[in-house]
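Coordinate-derived values only; no laboratory data. Not measured: the values here are computed from a predicted model. In this analysis, Cβ positions are derived from the backbone assuming ideal geometry, glycine residues included, and neighbour counts consider all displayed protein chains.
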Amino acid sequence: MIQDIHPHFLDNHFRPDAKARPDDLAMPWNGKAFLAEADFDNESLRYPKVSDLADADPEKLVYLFSIDETGYYLLRCEAEAKPEGVLKDSAGFAFYTLQDLRRSRLEPRLNVFAAFTGYHLADWYDANRYCGRCGAKTEYDKAERAMRCPVCDHVEYPRINPAVIIGVTNGDKLLIIRYRIGYGGGALVAGFTEIGETLEGTVEREVMEEVGLKVKNIRYYKSQPWGIAADILAGFFCDVDGDDTIRIDENELKFAEWVRREDIEPQKLDYSLTGEMMLLFKNGGEPK
């Protein structure tokens, strides 16, 4: 999955005293995309160093996290920013969305993971520039990862949305779906947890809403951070309970069908929990 960067290590502790070094990496952000050098032919991705920035004012750099000994710093740019206005030498650099960066394999993998995690934080910072209670402009908190209102003292922390990925099994068959909007490949039923709902309750509700099936024997598999939607995804397998006739929600899905293990087509990239669960079932390794 995207976060599997071993032997490298993500350190996401907030460091208010962090000072960017010349060889640390910058993640210039225009509100939708990061400035990077992506070579899709040679499958490589790199970010500019802090020393490459045209303006490396430390007051404009926000510490995000470290991978091993390298710090990653957010530089918030204007929406219309051009690479040549951000870097001393912008040759080969462009602004890329997460959708751009996940269309094919890029190395090092840890830089793709950095894009997912950096997006989660950058989008949160953008969404909390003003206080949701009184409307005043917020400030970076000095002690923790938070945005604080200097007027009413309201504090906003990074938002993490719980969601589930569901492998519904029917003997040696797995329920494979295709969504009407968004990712176009084979996928599994998924959805966000609602207020007052358990993760297991989310599994039952989402399967019923999307494909009209009852389920039983719900068992947890694994979790995954997924910065695209500020998610923490929890993967579950479960068995169809009774009638296995599929009745899809046509507003959500293009189709859904029971697929035998040997006929499951793995996803192109091994980035997602969904793809790992599909491959696990194909190889007969799902939790019982």
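For the range 221-233, backbone phi angles converted through the Karplus equation (6.51, -1.76, 1.60; θ = phi - 60°) give residue-by-residue couplings of 10, 6, 10, 7, x, 9, x, 3, 10, 6, 8, 10, 8 Hz, Gly and Pro being listed as x.
Taking a straight line from the alpha carbon of LYS32, these lysines sit under 17 Å away, with near neighbours fewer than eight places off in the same chain left out: LYS82. Close amide H contacts of TYR221 (hydrogens built in the peptide plane, cut-off under 5 Å, sequence separation of 5 or more or a different chain): GLY235, PHE236, PHE237.
The alpha-carbon of LYS214 sits under 28 angstrom from the alpha-carbons of these lysines, leaving out residues fewer than 8 places away in its chain: LYS173, LYS222, LYS254, LYS282, LYS288. For semi-axes √(5λ) of the Cα gyration tensor in Å, the value calculated from this model appears in (1) 44, 18, 17; (2) 32, 21, 18; (3) 38, 23, 16 under label (3). Cross-link partners of LYS142 among lysines, defined as those whose alpha carbon lies under 19 angstrom from its own and excluding same-chain residues fewer than eight positions apart: LYS19, LYS60. When the helices of the chain are scored as -39500 (n - 2.57) per DSSP H run of n ≥ 4 and the total is divided over every residue, the value at 222 nm lands at -5000 deg cm²/dmol. When PHE113, PHE192, PHE236 are sorted by how many other C-beta atoms sit within 10 angstrom of their C-beta, beginning with the fewest, the order is PHE192, PHE113, PHE236. Taking 20 Å as the cut-off, the amide N atoms of the range 13-43 that come nearer than this to a point 7 Å along the Cα-to-beta-carbon line of ALA91 belong to 35-43. When DSSP beta bridges are limited to those with both residues in the chain, what percentage is antiparallel, rounded to the nearest 5? Counting DSSP beta bridges with both partners in the chain, the antiparallel share is about 75 percent.
Calculate the FRET efficiency for ALA143 and SER104 from the Cβ-Cβ distance with a Förster distance of 41 Å, rounded to the nearest 0.05. In this case the efficiency is close to 0.50.
Consider a paramagnetic label point 7 Å from the Cα of ASP243 along Cα→Cβ; state which residues of the range 146-175 have an amide N under 20 Å from it. So the set is 168-171, 175. Between TYR183 and ILE195, the simple label model (points 7 Å from Cα in the Cβ direction) yields a spacing of 2.8 nm. Here the Karplus relation 6.51 cos²θ - 1.76 cosθ + 1.60, evaluated at θ = phi - 60°, turns the backbone of the range 110-120 into coupling constants of 4, 6, 5, 4, 4, 5, 4, 6, x, 4, 3 Hz, with x for every Gly and Pro.
Full extension of the segment from SER44 to ALA229, taken as 0.36 nm per residue of separation minus the current Cα-Cα distance, would add 64.2 nm. For the range 137-152, the Karplus equation 6.51 cos²θ - 1.76 cosθ + 1.60, evaluated at θ = phi - 60°, returns couplings of 6, 8, 10, 5, 5, 8, 10, 8, 6, 6, 10, 10, 8, x, 8, 9 Hz by residue, with Gly and Pro reported as x. Between the alpha-carbon centres of the range 160-221 and the range 17-71 there is a gap of 36 Å.
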